[in-house]
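The values are calculated or read from the model by the stated rules, or taken from the named source; none is laboratory data. All of these numbers come straight from a predicted model, not from anything done at the bench. Please note: Cβ atoms are built from the backbone with ideal geometry, for glycine as well, and neighbour counts cover all protein chains shown.
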Amino acid sequence: MQRIVVLAGGIGGARFLRGLTSAAPDADVTVIGNTGDDIHLFGLKVCPDLDTVMYTLGGGIHEEQGWGRADESFAVKEELAAYGVGPEWFGLGDRDFATHIVRTQMLAAGYPLSAVTEALCERWKPGVRLLPMSDDRVETHVMIDDPDGTEGSGARKAVHFQEYWVRLRASVPAHAIIPVGAEQAKPAPGVLEAISAADVILFPPSNPVVSVGTILSVPGIREAVAAADAPVVGLSPIVGDAPVRGMADKVLAAVGVESTASAVARHYGSDLIDGWLVDTVDAARTAEVEAAGIRCRAVPLMMTDVPATAAMAAEALALAEEVRGR
Ligand code: GDP
Ligand code: CA
């Protein structure tokens with residue numbers, strides 16, 4: 001059985017995984033999920049990216065939105081607001097709340113996040129093994145100008161990634177992206193083992209900075225991917241010099257990377273990835289990627305539906321075979 005490891009963020013990762021499991025139904029897929037987006041709200045531990053993967057593959061996702069539950073209601077949120085208890089900018093629905101309550105209860109009882117995630121997946125049966133990147137707390141923070149600082153003082157402050165992304169809609173300049181706690185974090189049980197035993201490692205079209213980049217910032221994970229025998233192939237989240245959805249261009253700028261399909265490939269580098277897929281509209285950029293020592297193909301990369309996404313996954317697996325042993 002082919003063992004595939006995927007380093008995934010939220011929506012881009014989850015949608016890609018649905019195509020991958022359709023293209024390779026018999027493969028043994030391990031997902032290493034980003035937990036840098038995790039946030040404590042109302043005393044509850046919320047893991048947006050793990051949940052997006054779990055709900056999407058388990059059939060509980062709000063399809064159009066791409067995150068949160070289908071058939072959701074917001075009674076709890078309204079009641080909290082009536083007490084003046086926020087934040088009001090983070091959308092937690094009633095069904096979704098139950099997931100966070102179960103998770104928080106299990107964590108308080110002493111179970112590590114990896115065990116909690118496994119327990120939640122017993123209900124959702126995502127058809128993949130979903131591992132958090134780490135059981136240790138890692139929280140992505142974004143350095144922005146301090147709006148309360150004196151004009152021209154250059155004062156800056158760090159805000160939680162969700163505050164920057166959801167509340168501020170990435171509308172203010174990001175000066176740095178910091179995965180707080182990553183240096184001390186250890187990969188969750190099974191993560192390094194899955195990487196070293198993999199036949200293929202894939203980077204889905206997830207955010208290269210705050211999703212895949214955060215996973216790679218956990219000491220040992222980048223090194224394991226670079227040292228793996230398996231071919232490593234990525235798919236560009238940037239199509240036509242812009243993110244397909246979201247604001248990845250803002251966080252790429254914060255780390256000094258242009259928003260092009262080839263710049264993202266070069267950002268990962270040939271130490272890490274062997275192959276890279278760009279969309280057909282970016283076909284002219286394949287030469288730039290190949291010049292960096294990364295095999296590159298231009299294929300359709302829009303995840304419009306499951307068959308189109310499955311075709312992307314099949315292309316990634318074919319490119320992995322092409323670069324195997326390089
Ligand atoms: P998040 O955690 O929910 O932000 O999701 P990810 O990090 O997994 O993925 C976000 C990235 O997915 C964004 O940068 C988008 O550009 C990319 N993305 C979303 N839909 C598509 C698509 O249909 N095709 C491609 N190539 N990228 C996509
Ligand atoms: Ca995310």
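Below, the figures for the structure above:
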{"read-out": "Filtered residues of the range 157-172 (kept if free of Cβ contacts under 8 Å to residues at least 60 places away in the same chain and surrounded by fewer than 14 Cβ atoms within 10 Å (Cβ to Cβ))", "value": "157, 171"}
{"read-out": "Within the range 266-285, tally of residues that are assigned to a helix (DSSP H, G or I) and touching a Gly at 6+ places or on another chain (Cβ under 7 Å)", "value": "3"}
{"read-out": "Subset of the range 31-44 (residues that are surrounded by fewer than 21 Cβ atoms within 10 Å (Cβ to Cβ) and either under 18 Å from the mean Cα position of the chain (by Cα) or within 17 Å of residue 117 (Cβ to Cβ) (or both))", "value": "39, 40, 44"}
{"read-out": "Tally, over the range 57-99, of residues that are free of Cβ contacts under 8 Å to residues at least 60 places away in the same chain, in a helix (DSSP H, G or I) and not acidic (Asp, Glu)", "value": "10"}
{"read-out": "Sole exception among (1) charged (D, E, K, R); (2) within 16 Å of ligand 1 (Cβ to nearest atom); (3) touching a strand residue (DSSP E or B) at 6+ places or on another chain (Cβ under 7 Å) for residue 103, by number", "value": "(2)"}
{"read-out": "Cross-chain or 6+ apart pairs with Cβ under 6 Å, the range 275-303 first and surrounded by fewer than 15 Cβ atoms within 10 Å (Cβ to Cβ), then outside any strand (DSSP E or B)", "value": "280/300; 293/270"}
{"read-out": "Residue in the range 28-36 that is part of a loop (DSSP other than H, G, I, E, B) and more than 12 Å from ligand 1 (Cβ to nearest atom) present", "value": "no"}
{"read-out": "Qualifying positions in the range 105-117 - part of a helix (DSSP H, G or I) and over 18 Å from the mean Cα position of the chain (by Cα)", "value": "105, 106, 107, 108, 115, 116"}
{"read-out": "Of all residues in the range 189-211 being part of a helix (DSSP H, G or I) and in contact with a helix residue (DSSP H, G or I) (Cβ under 8 Å, 6 or more places away or on another chain), the one that is surrounded by the most Cβ atoms within 10 Å (Cβ to Cβ)", "value": "191"}
{"read-out": "Among (1) in contact with a Lys or Arg (Cβ under 9 Å, 6 or more places away or on another chain); (2) in a helix (DSSP H, G or I), the one test that residue 219 misses", "value": "(2)"}
{"read-out": "Residue match in the range 59-75 (condition: within 16 Å of ligand 1 (Cβ to nearest atom), charged (D, E, K, R), under 30 Å from residue 178 (Cβ atoms) and within 18 Å of the chain's Cα centre (by Cα))", "value": "no"}
{"read-out": "Number of positions in the range 233-262 that are part of a strand (DSSP E or B), within 28 Å of residue 64 (Cβ to Cβ) and either within 15 Å of ligand 2 (Cβ to nearest atom) or hydrophobic (A, V, I, L, M, F, W, C) (or both)", "value": "5"}
{"read-out": "Within the range 1-18, considering residues that are within 10 Å of ligand 1 (Cβ to nearest atom) and not aliphatic (A, V, I, L, M), the one farthest from residue 68 (Cα to Cα)", "value": "16"}
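Per-residue answers, yes or no, for (1) within 19 Å of the chain's Cα centre (by Cα); (2) at pLDDT below 95:
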site	(1), (2)
103	no, no
123	no, no
140	yes, no
153	no, yes
161	yes, no
179	yes, no
